[in-house]
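The block underneath contains the structure these notes are about, expressed in structure tokens.
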Amino acid sequence: MITVENLVKKFGPKAAVNDVSFTVQRGEVLGFLGPNGAGKSTTMRMITGYMPPTSGRVTIGGHDVVEDSIAAKRLVGYLPESAPSYPDMTVEGFLSWTAEMRGLMGNARIDAIRRVSGLCFLDGVLQQSVDTLSKGYRHRTCLAQALIHDPDVLILDEPTDGLDPNQKHEVRQLIKNMGKNKVIVFSTHILEEVEACCSRAIIIDRGQIVANGTPDELKARSDFSGTVTLRVHGVAGETVRTKLSNVAAAGKVTVAGDAAYVNARVFPRNRAISGELANAVARVVASEGWSFDELHTEEGRLDDVFRSITMPDTAKSGA
Amino acid sequence: MNDSLRHVRTIAKRELGGYFNSPVAYVFIVIFLLLNGFFTFKLGYYFERGQASLAEPFFSWHPWLYLFLVPAVGMRLWAEERRSGTLELLLTMPIEPWQAILAKFLASWIFLGIALVLTFPIVITTGYLGSPDYKAIFSQYLGSFLLAGTYLAVTEMMSATTRNQIIAFIISVVVCFGLILCGWEPVTKLMAGWAPESLVDLVKSLSTWHHYAAFQNGGPFLRDALYFVSVIGFSLFSTSVVLRGVRGS
């Protein structure tokens, strides 16, 4: 549905987006991750046809966004980063205007306004002018605008920015539900959002794609993926380390803690996640008779992966 | 084509509504009418002249009135869209940029037209006091409307160059003032001292001054109307070039 080929955008000599390629199919929710200034918004602006690329090509539903821009733009609903809207209009007036721009007339327009105001919880403020609304409502007004023509493709630049936790949850549910039969690309720097609603995530850094995979695949790249964490009390740290190091499947063992508790982390010898290492550790705990209150296998955390990928020099030292 | 017209109408309707949704429209119209009255009756000696003509007491002030009032109307056209980020929204709609440029121009021009039409009491007054040449008055109104459109198109282009409405206003006033000045007698005389005659004539023909005057005395000439239309066309085209640059960076 969306094909991005070797996309480059230069501002003067500096490349904000440098040779980015990916495709997104119908039914996929693609999370676009990256530090601030990585080129997320610039990439989205080129996909929506707002910004012409320096080189490379974007097609949406087979239509080139530069050559055949009108046909491509028809398929897309876009929520820009700052969620702009016209402050002098009422919410209903603004939605009505966007519906008309999208070619919806008469009853179709009234139905569309009703549908999106329900989806985005705007029913109570339809008659208010946009400049009297709080940030969250303005944000949802702009989101409603992107949904008004029930587009096949949704490009959402930080869709949950400025929302309270309940609204964030609702918008994530909305994205997840709509993602079943649409193409959704959304950018965020909130990592749990990616786990909550993406079928795939791309991490972009300094204009280039540095990772592309499902959230689980990305998490597996974490240094801590597959490690077993154990918390025991009443045992000396050194004893714990020695005993656990004797486990066949164990690699490195780190131990931290104070007089009351010892936190041990056992790294697997090979990185496949399985219950095997945890079982082996549990047997040690049982045979030594330690009392413990935590024992689990880490799946890996996205923020570790994110940091180790986008800050390669400093991240690995933290734990 | 049908689609294009629909887009132009939709955008223009929103723009025009934007003027009347805020106090801007009413403030502008009141100031425009008050200033017109002041210029016509006080500085133009409308009664003292004892002539059933509007050219001198009424229309001769318009180039100066418009010089400030038209940029005030047009300064927000693109600067505001750029500042608030709605430019991104507007240009990712399934429309061609020229449709938005034309729509914004037409909406503001219609607004200026409404303000101009509201000066009709002066025509009624003149008709009551004497027997004016209504054909001449019509052509004078037409010239005034075209002049307003020309300043407006220049302002629209300047508005696209910045996010700041005040800057758009100031540059527009300066450029429009330049358009008047380059046909103004003292300036052309100064130029005639060193420049060849053909250059002086060229600069003179670029000025709104003589083309506006043609509409005021003796009726419109096609080439004068053509002048206004081509300056408008050029300015709107330049707006599209400026906007392409804005999107690219």
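The values are calculated or read from the model by the stated rules, or taken from the named source; none is laboratory data. Keep in mind that what you see is a predicted model, and the values were worked out from it rather than measured. Positions of Cβ are generated from backbone atoms using ideal geometry, with glycine treated the same way; all protein chains shown enter the neighbour counts.
For the reader, a short list of remarks on this structure follows.
- When each of A:Arg265, A:Arg241 is tested for being without any contact (Cβ under 8 Å) to a residue 24 or more places away in the chain, among the basic types (Lys, Arg), more than 30 Å from A:Val29 (Cα to Cα) and outside the structural domain of A:Phe32 (by TED's automatic domain parsing), the lone residue that passes is A:Arg241.
- When the range B:1-45 is filtered for residues that are in contact (Cβ under 8 Å) with a residue 60 or more places away in the chain, more than 22 Å from B:Arg76 (Cα to Cα) and not small (Gly, Ala, Ser), the ones remaining, listed by number, are B:Asn36, B:Thr40.
- Count of the range A:191-217 residues which are over 21 Å from A:Lys168 (Cβ atoms) and modelled with pLDDT under 85: 2
- A:Glu170 being assigned to a helix (DSSP H, G or I), under 24 Å from A:Gly37 (Cβ atoms) and either in the same structural domain as A:Thr98 (by TED's automatic domain parsing) or free of Cβ contacts under 8 Å to residues at least 40 places away in the same chain (or both): no
- Taking the range B:143-176 as the range and being within 29 Å of B:Ile122 (Cβ to Cβ) and over 12 Å from the mean Cα position of the chain (by Cα) as the test, only B:Phe169 passes.
- Restricting attention to the range A:232-258 and to residues that are within 35 Å of the chain's Cα centre (by Cα) and among the β-branched types (Val, Ile, Thr), the residue that is surrounded by the fewest Cβ atoms within 10 Å (Cβ to Cβ) turns out to be A:Thr254.
- Subset of the range B:50-92 (residues that are in a helix (DSSP H, G or I), within 14 Å of chain A (Cβ to nearest Cβ) and among the hydroxyl-bearing types (Ser, Thr, Tyr)): B:Ser84, B:Thr86
- Enumeration of residues in the range B:172-202 that are in a helix (DSSP H, G or I) and under 27 Å from B:Thr162 (Cβ atoms): B:Ser172, B:Val173, B:Val174, B:Val175, B:Cys176, B:Phe177, B:Gly178, B:Leu179, B:Ile180, B:Leu181
- For A:Gly136, the criteria (1) of a type outside the set (S, T, N, Q); (2) within 30 Å of B:Ala103 (Cβ to Cβ); (3) assigned to a helix (DSSP H, G or I) hold in every case but one, which is (2).
- Checked against (1) under 32 Å from the mean Cα position of the chain (by Cα); (2) in a loop (DSSP other than H, G, I, E, B); (3) of a type outside the set (Asp, Glu), A:Ile204 passes all but condition (2).
- Scanning the range B:79-91 for residues that are of a type outside the set (A, V, I, L, M, F, W, C) and either in contact (Cβ under 8 Å) with a residue 24 or more places away in the chain or closer than 10 Å to B:Arg247 by Cβ (or both) turns up B:Glu80, B:Arg82, B:Arg83, B:Glu88.
- Scope the range B:30-60; condition of a type in the set (A, V, I, L, M) and within 17 Å of B:Gly130 (Cα to Cα); matching residues: B:Ala52, B:Leu54, B:Ala55
- When restricted to residues that are under 22 Å from the mean Cα position of the chain (by Cα) and basic (Lys, Arg), the range B:83-125 contains 1.
- Residue among B:Ile95, B:Ile101 that alone is crowded, with 22+ Cβ neighbours inside 10 Å, touching a Ser or Thr at 6+ places or on another chain (Cβ under 9 Å) and either within 14 Å of chain A (Cβ to nearest Cβ) or assigned to a loop (DSSP other than H, G, I, E, B) (or both): B:Ile95
- Residue within the range A:85-94 that is more than 8 Å from chain B (Cβ to nearest Cβ), in contact with a His (Cβ under 9 Å, 6 or more places away or on another chain) and touching a residue at least 40 places away in the same chain (Cβ under 8 Å) present: no
- Checked against (1) surrounded by fewer than 20 Cβ atoms within 10 Å (Cβ to Cβ); (2) within 14 Å of chain A (Cβ to nearest Cβ), B:Tyr45 passes all but condition (2).
- Take the conditions (1) crowded, with 23+ Cβ neighbours inside 10 Å; (2) within 9 Å of another protein chain (Cβ to nearest Cβ); (3) in contact (Cβ under 8 Å) with a residue 40 or more places away in the chain; (4) under 27 Å from the mean Cα position of the chain (by Cα); A:Gly49 misses just one of them, which is (3).
- Residue match in the range A:103-116 (condition: within 12 Å of chain B (Cβ to nearest Cβ), within 20 Å of B:Arg6 (Cα to Cα) and not aliphatic (A, V, I, L, M)): yes
- Pair list, Cβ under 6 Å, 6 or more apart: the range A:55-75 residue on the phi < 0 side of the Ramachandran plot, other residue surrounded by fewer than 18 Cβ atoms within 10 Å (Cβ to Cβ) and among the aliphatic types (A, V, I, L, M): A:Ser55/A:Val8; A:His63/A:Ala71
- Filter result for A:Leu119 (under 28 Å from A:Met46 (Cα atoms) and surrounded by fewer than 20 Cβ atoms within 10 Å (Cβ to Cβ)): yes
- Residue within the range A:81-97 that is at pLDDT below 95 and farther than 23 Å from B:Asn21 by Cα present: yes
- Failed item in (1) without any contact (Cβ under 8 Å) to a residue 12 or more places away in the chain; (2) buried (at least 16 other Cβ atoms within 10 Å of the Cβ), with B:Val70 passing the rest: (1)
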